[in-house]
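The values are calculated or read from the model by the stated rules, or taken from the named source; none is laboratory data. It should be emphasised that the depicted structure is a prediction, and the values quoted were computed from it without experimental measurement. Cβ placement follows ideal geometry from the backbone for every residue including glycine, while neighbour counts extend to all protein chains displayed.
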Amino acid sequence: MAIALFQELLDKGISPDVHMCNVILNGLCKAGRLKTAEDFFQHIVINNHRLDACTYNIMISGLCKEGRFDEAISLLSKMKGNGFSPDTISYETIVRALLSRNEDEQAKRLLREMISQGLLGRGNKDFESVEAILEESFALLKGQSISSDA
């Protein structure tokens, strides 16, 4: 229905904005229609509709919910390549999904990447090293992941 409305707008010469595209993508992902969401995402990319970090985050979340971590990480890289800066949500979505599947090493690698980009750390604490930030963040997220599964 939403895609039909999107196409109707295009047929009438109305170019939907990024928010409308995000609402459609989010709805498709939440409805479990990831393949349709992927096709729609490709459509808006190919046809040069405006995207934002939220657009990518919606797709990253949808991929993670389906356990498609490699594709989510690949999309994170494409996001960077297309001029968008992944934010805390981009990384945390993947890290939490990895932790829920006990993919701890991949999660730690992404946490290190977050630290190197200044997306992770505590302004009110003195950390002696990147490893200290990593270990505290990993422990916090791992604890939240375990408790949310129980």
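So if I check each of Thr36, Thr88, which one is hydroxyl-bearing (Ser, Thr, Tyr), closer than 17 Å to Leu141 by Cβ and either surrounded by fewer than 16 Cβ atoms within 10 Å (Cβ to Cβ) or modelled with pLDDT under 95 (or both)?
Step by step, each of Thr36, Thr88 is checked, and only Thr88 is hydroxyl-bearing (Ser, Thr, Tyr), closer than 17 Å to Leu141 by Cβ and either surrounded by fewer than 16 Cβ atoms within 10 Å (Cβ to Cβ) or modelled with pLDDT under 95 (or both).
Conditions: (1) more than 13 Å from the chain's Cα centre (by Cα); (2) at negative phi. Cys54 meets all but one. Number of the miss?
(1)
Do we find that Arg109 is free of Cβ contacts under 8 Å to residues at least 12 places away in the same chain, surrounded by 13 or more Cβ atoms within 10 Å (Cβ to Cβ) and not assigned by TED's automatic domain parsing to the domain that holds Leu25 in this structure?
In short, yes.
Please indicate, with yes or no, whether at least one residue in region 106-113 is closer than 30 Å to Leu9 by Cα and part of a helix (DSSP H, G or I). First the steps, then the outcome.
To start, the set of residues in region 106-113 that are closer than 30 Å to Leu9 by Cα comprises none.
Within region 106-113 (the criterion being closer than 30 Å to Leu9 by Cα and part of a helix (DSSP H, G or I)), the answer is no, since none of the residues qualifies.
Yes/no per residue for (1) touching a Cys at 6+ places or on another chain (Cβ under 8 Å); (2) more than 27 Å from Arg109 (Cα to Cα); (3) of a type outside the set (Asp, Glu):
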{"position": "Ser15", "(1), (2), (3)": "no, yes, yes"}
{"position": "Arg50", "(1), (2), (3)": "yes, yes, yes"}
{"position": "Ile60", "(1), (2), (3)": "no, no, yes"}
{"position": "Cys64", "(1), (2), (3)": "no, no, yes"}
{"position": "Phe69", "(1), (2), (3)": "no, no, yes"}
{"position": "Lys78", "(1), (2), (3)": "no, no, yes"}
{"position": "Ser85", "(1), (2), (3)": "no, no, yes"}
